[in-house]
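> Submitted below is the structure of interest, expressed as structure tokens.
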Amino acid sequence: QLSESKIMVLCGQLAKNDELNLELEKFAKNSNVIVLVENTSNLFNESYIACIDRTLNGITLNEEEKYQPDILITLGGAVVSKKIKSFLRKAKPKMHWKIGYEFPWMDTYQCLSDSIELEPEKFFKQINEIDYQRNKQNYFGLWKKIDYLAKDSISACMQKIDNLTDLVVFDSIFQ
């Protein structure tokens, strides 16, 4: 079932955890997996989508269905993005596994099927050891493409602005 499913991992607020980051990196190498992280998750990898709202803004209404996950895996505390909450409530994944001890049965996305009270790094370590046929879909590529396009559109927009504005100043500072 894992190889046939589009899997989204959504990471909320977490303390820094190098072991979790390592196991999540391994899991994210499957092309049917996309990992979305909030800045407060303290998880970093180039394969993760860190600007969730920017990426969701690139998805048009008639395309939403192909971005919907079959399996949603959530970990950590609060997720700030209202857009991802709305997207997932509308998407209704077939399964939602909440991993960890924080508010185990809180059903934020209105589709919770299982709460697994286990450290997330242990969960991903165990799931990475399962020998199943992987890479049946390119769900990762679908999401990363829209992420890159959204990121590039910001750069293109900024180049068109020829006068000094708050937006230009903040962009310069961030660069």
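> With without any contact (Cβ under 8 Å) to a residue 60 or more places away in the chain, within 19 Å of LEU142 (Cβ to Cβ) and open to solvent by 50 Å² or more (accessible area, probe 1.4 Å) as the only criterion, which of THR40, THR60 stands out?
On the way: THR40 fails: within 19 Å of LEU142 (Cβ to Cβ).
Matching residue, one of THR40, THR60: THR60.
> For the range 85-112, enumerate the residues that are part of a loop (DSSP other than H, G, I, E, B), surrounded by fewer than 16 Cβ atoms within 10 Å (Cβ to Cβ) and of a type outside the set (A, V, I, L, M, F, W, C).
Once the filter is applied, which keeps residues that are part of a loop (DSSP other than H, G, I, E, B), surrounded by fewer than 16 Cβ atoms within 10 Å (Cβ to Cβ) and of a type outside the set (A, V, I, L, M, F, W, C), the range 85-112 yields LYS92, LYS94, TYR101, GLU102, PRO104, ASP107, GLN110.
> Does the range 75-84 hold any residues that are without any contact (Cβ under 8 Å) to a residue 60 or more places away in the chain and either basic (Lys, Arg) or assigned to a helix (DSSP H, G or I) (or both), and which are they?
Those that are without any contact (Cβ under 8 Å) to a residue 60 or more places away in the chain and either basic (Lys, Arg) or assigned to a helix (DSSP H, G or I) (or both): LYS82, LYS83.
> Follow-up question, since we're still on this one. Out of everything in the range 63-74 that is in a loop (DSSP other than H, G, I, E, B) and touching a strand residue (DSSP E or B) at 6+ places or on another chain (Cβ under 8 Å), what residue ends up being surrounded by the most Cβ atoms within 10 Å (Cβ to Cβ)?
Step one: of the range 63-74, the residues in a loop (DSSP other than H, G, I, E, B) are 68-70.
Filter once more, so that each one left must be touching a strand residue (DSSP E or B) at 6+ places or on another chain (Cβ under 8 Å): 69-70.
On the way: PRO69: 26, ASP70: 18.
Looking at the filtered set, the residue picked out is PRO69.
> May I pose another question? With the structure loaded, tell me whether SER115 is farther than 14 Å from ILE7 by Cα and part of a strand (DSSP E or B) or whether it fails that test.
yes
> So which residues in the range 6-24 are under 18 Å from ASN128 (Cα atoms), open to solvent by 10 Å² or more (accessible area, probe 1.4 Å) and outside any helix (DSSP H, G or I)?
If the condition is that a residue be under 18 Å from ASN128 (Cα atoms), open to solvent by 10 Å² or more (accessible area, probe 1.4 Å) and outside any helix (DSSP H, G or I), then LYS6, ASN17 are the ones that fit.
> Would the range 25-36 turn up any residue that is assigned to a helix (DSSP H, G or I) and either over 21 Å from MET95 (Cβ atoms) or open to solvent by 60 Å² or more (accessible area, probe 1.4 Å) (or both)?
Step one: list which residues in the range 25-36 are assigned to a helix (DSSP H, G or I), which gives 25-27.
From what is left, the residues that are either over 21 Å from MET95 (Cβ atoms) or open to solvent by 60 Å² or more (accessible area, probe 1.4 Å) (or both) are 25-26.
The answer is yes; a qualifying residue exists.
> Here is a further query. Given the conditions (1) closer than 21 Å to TYR148 by Cα; (2) within 14 Å of the chain's Cα centre (by Cα), which single one is not true for LEU61?
Condition not satisfied by LEU61: (2).
> Hey, another quick one. Cβ-Cβ below 8 Å, separation at least six or inter-chain, first residue in the range 161-175 and open to solvent by 80 Å² or more (accessible area, probe 1.4 Å), second of a type outside the set (Gly, Ala, Ser): which pairs?
LEU167/MET158; LEU167/ILE161
> Filter the range 38-54 for residues that are of a type outside the set (D, E, K, R) and in a helix (DSSP H, G or I) and give the result.
Narrowing the range 38-54 to residues of a type outside the set (D, E, K, R): 39-45, 47-52.
Of everything in the range 38-54, those that are of a type outside the set (D, E, K, R) and in a helix (DSSP H, G or I) turn out to be ASN39, THR40, SER41, ILE52.
> What number of residues in the range 128-139 are surrounded by fewer than 18 Cβ atoms within 10 Å (Cβ to Cβ) and either touching a strand residue (DSSP E or B) at 6+ places or on another chain (Cβ under 9 Å) or under 19 Å from GLU23 (Cα atoms) (or both)?
Selection size over the range 128-139: 8.
The values are calculated or read from the model by the stated rules, or taken from the named source; none is laboratory data. As the structure is a prediction and not an experimental result, all values here were calculated from the model. Here the Cβ is made from the backbone with ideal geometry for all residues, glycine too, and neighbour counts use every protein chain on show. Heads up: the accessible areas ignore ligands, DNA and RNA and are worked out on the full protein's heavy atoms, side chains in. Shrake-Rupley method; radii C 1.70, N 1.55, O 1.52, S 1.80 Å.
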